[in-house]
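Derivation of every value follows stated rules applied to the coordinates shown; laboratory data play no part. All of these numbers come straight from a predicted model, not from anything done at the bench. Reconstructed Cβ throughout: ideal geometry from the backbone, glycine too, with neighbour counts over all protein chains shown.
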């Protein structure tokens, strides 16, 4: 599974404007809506926030992976946002998240959703990869890094 197959450069926001996890999630959902990847924005937002309310998706090392199974998408989609100053995602290490991967898949699928979460988590353990994504100048550069370096 190649993450680049599900994360198009149009779905990468190199400079998130939001300052809260809710605003960041809304902004990432808007990029997916603008490219017709969402069947229903409201349903998707509700499902992502319900999942977030159950257990925060802030991990460690500046990473958050909000995700949900939802009727708001017809297939697996991924978006990525970067906020250099970080956003409070109630992360395990107490630090703000700089790189936020939003993963959405239909309710009736499991394998690809779990596999995508695992691929992101495994790759983002690499400090050099995290730093490269933080240092990239544009969304296009970020997309290229993901295409070349994610395994």
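Once fully extended, how much extra length lies between residue 122 and residue 109, figured as 0.36 nm per residue of separation less the alpha-carbon to alpha-carbon distance?
Result: 2.6 nm gained on full extension.
Calculate the length of the line joining the C-alpha centroid of the stretch 52-67 to that of the stretch 135-151, in whole Å.
What the calculation gives is 21 Å, centre to centre.
In whole Å, what three semi-axes, largest first, describe the equivalent ellipsoid of the chain built from its Cα gyration tensor (square root of 5 times each eigenvalue)?
On the way: eigenvalues 85, 59, 45 Å².
Equivalent ellipsoid of the chain: 21, 17, 15 Å, largest first.
In the chain, what % of DSSP beta bridges are antiparallel (nearest 5)?
Counting DSSP beta bridges with both partners in the chain, the antiparallel share is about 55 percent.
Give the calculated FRET efficiency between residue 71 and residue 10 to the nearest 0.05, with a Förster radius of 22 Å applied to their Cβ-Cβ distance.
0.45
Take 102, 16 and order them by how many other Cβ atoms sit within 10 Å, fewest up front.
Numbers: 102 27, 16 19.
Fewest-to-most ranking of 102, 16: 16, 102.
For each of 56, 121, 91, count neighbouring Cβ atoms within 10 Å of the residue's Cβ, then give the residues from fewest to most.
Exposure proxy ranking, most exposed first: 121, 56, 91.
Would you order 76, 134, 63 from fewest to most other beta-carbon atoms within 10 Å of each residue's own beta-carbon?
Going from least to most buried by this count: 134, 76, 63.
Take every Cα pair under 8 Å in the chain that's 6+ residues apart, average their separations, divide by the length, and report that relative contact order as a whole percent.
28 percent
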